1. Among the residues of segment 231-259, count how many are of a type in the set (D, E, K, R), modelled with pLDDT under 90 and part of a loop (DSSP other than H, G, I, E, B).
2. Pairs, please: C-beta under 7 Å, at least 6 apart or cross-chain, first residue of a type in the set (Lys, Arg) and in segment 79-103, second surrounded by fewer than 24 Cβ atoms within 10 Å (Cβ to Cβ) and part of a helix (DSSP H, G or I)?
3. Looking only at segment 80-100, filter to residues that are modelled with pLDDT of 85 or more and touching a Gly at 6+ places or on another chain (Cβ under 9 Å); which one of those is nearest to residue 262 (Cα to Cα)?
4. Only one of 354, 286, 349 is at pLDDT 90 or above and within 13 Å of residue 194 (Cα to Cα); which?
5. Of the conditions (1) of a type in the set (D, E, K, R); (2) surrounded by fewer than 24 Cβ atoms within 10 Å (Cβ to Cβ); (3) within 22 Å of residue 226 (Cβ to Cβ), residue 83 clears all except one; give me its number.
6. Answer yes if at least one residue in segment 119-127 is outside the structural domain of residue 55 (by TED's automatic domain parsing), surrounded by fewer than 13 Cβ atoms within 10 Å (Cβ to Cβ) and modelled with pLDDT of 80 or more, and no otherwise.
7. What are the residues in segment 201-221 that are of a type in the set (Val, Ile, Thr), under 17 Å from the mean Cα position of the chain (by Cα) and not in a helix (DSSP H, G or I), if any?
8. With respect to residue 299, determine if the residue is farther than 18 Å from residue 221 by Cβ, within 17 Å of the chain's Cα centre (by Cα), assigned by TED's automatic domain parsing to the domain that holds residue 185 and in contact (Cβ under 8 Å) with a residue 24 or more places away in the chain.
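The values are calculated or read from the model by the stated rules, or taken from the named source; none is laboratory data. Computed from a predicted model, the values in this text were never measured in an experiment. Glycine gets a Cβ as well: all are built from the backbone with ideal geometry, and neighbour counts include every protein chain shown.
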Amino acid sequence: MPSEIDQEGEGPYRLLFCSSKGDKAGVMQELVKGVSPNLADYDKRTALHLASCEGCMEIVVLLLEKGADVNSMDRWGRTPLSDARSFRHHDVCKVLEAHGGTDPGSFGEVYSVKWRGTEVAAKTIRSSIASNKTVKENFLKELALWQKLRHPNIVQFLGVLKHPDRLIFLTEYLRNGSLYDILRKKGRLDSLTAVAYALDIARGMNYLHQHKPHAIIHRDLTPRNVLQSDAGRLKVTDFGLSKISQGRDVGYKMTGGTGSYRYMAPEVYRRESYGKSVDVFSFAMIVHEMFQGGPSNRGEDAEKLADKRAYEDSRPHLPSMMYPEPIRKLLQDCWHKSPDRRPTFEEIIMHLEIIQENLQEKGIGTCCSCLIL
């Protein structure tokens, strides 16, 4: 989010602010000043990303006319069309597509389609990727894994569509978007909502970690990989980077570039052996964002941030006026520098249920500083 100074018109990021608010005159002012239509924020999100996300058709058309890159990618690999589709701005999607816009998704395109009379999400791997034998085998292993999963806080796998030159699989369609979308629109959540959401995520992750015969480690747990159902419940999705832990809880390795730096456990960044607790670390970063309304150190490069957490034991601030003491203690335990000192999701659920019960008894919503256990 641009700073208050930028919003008032004294900085180059005013273009982004005006684009997100549908302020056509403000956008024109900035462009006339010579501000690039492809100016991006710290997450590489451009004015076209923001306008597409908010469904601001006039701004989208104006930016495209002024040379905005229709396929600019943010830090998570999302294009303006990805954002427009997430919020079902169909008219904006048509304009972006007419200008050559694409939606790369996690592997290829992600579509909302009708399957047996029901709206579902179709996730594809493009033919250029699917032709790679290793990638195809890994993808099919992912499908085989998803097919066995059944939990109310896990996105449900539905089936596979046969296509001559690409791989397509179907999951339930969650029209409310991701936790990332929720936080970007609402900002800081009230305590009861944040704890309820944290419980949803923890229950889904506990199911994965207790999977038999081997635990399932997500490895890329971020707000974008947590979706909201029509009933308002959160569900964990996208196991494209997941692996089945072989044997015991530790011993797997992955490169520092795997997963999202902002939520990456220190041992992963250092390319050390890791276990299920890497997901606990990521979970703590997500819960921190729910109480704060977004990520800490927004302006800092995500990779540099991960480096500080890995080698300097840097962690986000936990001001007492914003974080109830029980939440502060839980987060500190979950992002502990020693992986074996972090609680399991089963233990996390127990703590959160107690916190939730106390919040409900005290009738606490937006006020969180007065919760003491």
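1. Quick first cut of segment 231-259, residues of a type in the set (D, E, K, R) only: 233, 235, 238, 243, 248-249, 253.
Among the residues that remain, those that are also modelled with pLDDT under 90 are: 238, 243, 248-249, 253.
Restricting the remaining residues to those that are part of a loop (DSSP other than H, G, I, E, B) gives 238, 248-249, 253.
Residues in segment 231-259 being of a type in the set (D, E, K, R), modelled with pLDDT under 90 and part of a loop (DSSP other than H, G, I, E, B): 4 in total.
2. 85/93
3. Step by step, filter segment 80-100, then rank; the result is 80.
4. Values: 354 fails: within 13 Å of residue 194 (Cα to Cα); 349 fails: within 13 Å of residue 194 (Cα to Cα).
None of the others qualify; the one that does is 286.
5. (2)
6. The initial filter retains those residues of segment 119-127 that are outside the structural domain of residue 55 (by TED's automatic domain parsing), namely 119-127.
If we keep only those that are surrounded by fewer than 13 Cβ atoms within 10 Å (Cβ to Cβ) too, we end up with 119.
Adding the requirement that they be modelled with pLDDT of 80 or more leaves 119.
The answer is yes; a qualifying residue exists.
7. Keep residues of segment 201-221 that are of a type in the set (Val, Ile, Thr), which gives 201, 216-217.
Subsequent filtering for residues that are under 17 Å from the mean Cα position of the chain (by Cα) retains 201, 217.
Within segment 201-221, just 217 meets the criteria.
8. Numbers: farther than 18 Å from residue 221 by Cβ: yes; within 17 Å of the chain's Cα centre (by Cα): no; assigned by TED's automatic domain parsing to the domain that holds residue 185: yes; in contact (Cβ under 8 Å) with a residue 24 or more places away in the chain: yes.
When the stated conditions are applied, residue 299 does not pass them.
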